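To keep things clear, I will list the structure first and then write my remarks on it.
The values are calculated or read from the model by the stated rules, or taken from the named source; none is laboratory data. Small disclaimer: the values here were computed from a predicted structure and weren't measured. When we count neighbours, we look across all protein chains shown, and the Cβ atoms used for this are built from the backbone with ideal geometry, even at glycine. These accessible areas exclude ligands, DNA and RNA; they are computed on the full protein's heavy atoms, side chains included. Shrake-Rupley method; radii C 1.70, N 1.55, O 1.52, S 1.80 Å.
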Amino acid sequence: MRLDNSERLFARARRLIPGGVNSPVRSFGAVGGTPRFIVSGSGAHVRDADGNEYLDFVGSWGPLVLGHAHPAVVEAVQRAAADGTSFGAPTEGELELAELITRTMPSIEMLRLVNSGTEAAMSAIRIARAYTGRSKLIKFNGNYHGHADALLVKAGSGAATYGVPTSAGVPPGYAAETLVAEFNALASVEALFEANVNQVAAVIVEPVAGNMGVVAPADGFLAGLSRVCDENGALLIFDEVITGFRVAYGGAQERYRVRPDLTCLGKIIGGGLPVGAYGGRADVMQMAAPLGPAYQAGTLSGNPLATAAGIACLRELAKPGVFETLEGLGAEAEAGLRAAADATGVAVTVNRVGSMLTAFFAAPPVTTWAEAASSETAQYAAFFHGLLERGVYVAPSQFEAAFVSLVHTAEDIAFAADQAREAMASL
């Protein structure tokens, strides 16, 4: 496999961009080697700068549930761009996207569009603090909610990949307001409330962990969080940046029938373009300026290209049978990975929720951050490169999810399973 152009581009990038990448996990730092510079994507495949083609299970880290360059999304963006790319003023597209989301997620009575998942989480927390008059936040070890200062404490995603649980550059005073509980351990949350009476504004959680690899919530865990928050006068924030419109049309809150006070969205609601949103109870959201005293703003929030792409994407996902198809394809991918592990005798635990899954190179179970962190990351790195050399592109980190899209076929899944078996056999 030739990599001349990717290597040349990476060397050029390292002179101008820290690490040569604009988001750390893209650097292949956890797995070694040269990151592929992608030049195009179509359906379930991407092509790199050297002409190598890969069956893609990264999908831009989740938003491309319709696949690359879906005709409805491309047409919507082209049509919107012809009328202008940004106005810094209200547009009907913002309202239409908001209506689609609020009709789908009953917990969201009002929402505001922003530009990323990081902005959504940061803003939701500010609103929660304004509403409650409290300052402390409870998050979970291994959950990632973007790179805002208060959230880079024992975080997942790239922070977990690079072993930086608390980022440099975050003042100790900021970190002190963030309390860390253990995912799937309700008792750890209760203990923090008991030790910080009337101080906790909110609990923020990935209802399905996706940034330490996929870890499903234990039975009763999410409902327990809702109860504990209600008992202590705190708000429950679901970070559904990954799971919203991915694990069900109404997100994890629909799948697990738990209603949060606030929800963070991103990824899919932009159809592949940069966007995010936060929303929830009307009385809470009315704390946001100009109605309330909590300030949050953004010149590009509700960008017409992003809203057009998001509307097109959500309309496609609303069609009958879409999530049954995704569930079936996800189950096939899980079965293929399990079969590959069984055939080769490699210790692998496969966790899946809907169309997102992770193969942990660890003995079962993987239900907590500690269990995820015990994975053999060197084995994963070798497995990653084994797949890449065989034309299958997955996340360059053990602590991320693989995503199945509607354009993956049964034949694609079978091909990927065959390559996984060969890659595991070569470990």
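For D4, indicate whether it is more than 15 Å from W61 (Cβ to Cβ), crowded, with 16+ Cβ neighbours inside 10 Å and more than 25 Å from the chain's Cα centre (by Cα). Here the answer is no, as D4 does not meet what is asked. Inside region 361-370, residues that are crowded, with 21+ Cβ neighbours inside 10 Å and under 20 Å from the mean Cα position of the chain (by Cα) make up a count of 2. For region 389-427, residues that are without any contact (Cβ under 8 Å) to a residue 40 or more places away in the chain, open to solvent by 50 Å² or more (accessible area, probe 1.4 Å) and in contact with a Leu (Cβ under 7 Å, 6 or more places away or on another chain) total 0. Only a single item in (1) in contact with a Ser or Thr (Cβ under 9 Å, 6 or more places away or on another chain); (2) outside any helix (DSSP H, G or I); (3) surrounded by fewer than 24 Cβ atoms within 10 Å (Cβ to Cβ) is not met by P106, and it is number (1).
Among the residues of region 228-246, the ones that are open to solvent by 10 Å² or more (accessible area, probe 1.4 Å) and β-branched (V, I, T) come to 2 in all.
Within the set G142, G84, the sole residue that is over 22 Å from E316 (Cβ atoms), open to solvent by less than 30 Å² (accessible area, probe 1.4 Å), at pLDDT below 95 and of a type in the set (G, A, S) turns out to be G142.
Considered as a group, the residues in region 333-360 that are in a loop (DSSP other than H, G, I, E, B) and buried (at least 18 other Cβ atoms within 10 Å of the Cβ) include one that is farthest from the chain's Cα centre (by Cα), and that residue is V346. Of all residues in region 189-227, those that are of a type outside the set (A, V, I, L, M), open to solvent by less than 30 Å² (accessible area, probe 1.4 Å) and on the phi < 0 side of the Ramachandran plot total 10. Criterion applied to L100, L16, L9, L64 was being open to solvent by less than 50 Å² (accessible area, probe 1.4 Å), in a loop (DSSP other than H, G, I, E, B) and either in contact with a helix residue (DSSP H, G or I) (Cβ under 8 Å, 6 or more places away or on another chain) or under 23 Å from P396 (Cα atoms) (or both), and the one residue passing it is L64. Exactly one residue among S123, S135 is over 23 Å from M356 (Cβ atoms) and either open to solvent by less than 30 Å² (accessible area, probe 1.4 Å) or of a type in the set (D, E) (or both), and that residue is S123. Among the numbered conditions (1) assigned to a helix (DSSP H, G or I); (2) touching a Gly at 6+ places or on another chain (Cβ under 8 Å); (3) of a type outside the set (D, E, K, R); (4) open to solvent by 30 Å² or more (accessible area, probe 1.4 Å), the only one that T325 does not meet is (2). Pairing each residue of region 217-238 that is closer than 17 Å to A185 by Cβ with any residue that is open to solvent by 30 Å² or more (accessible area, probe 1.4 Å) and hydroxyl-bearing (S, T, Y), provided the two are 6+ apart or on different chains, yields C-beta distances under 6 Å for L222/Y256.
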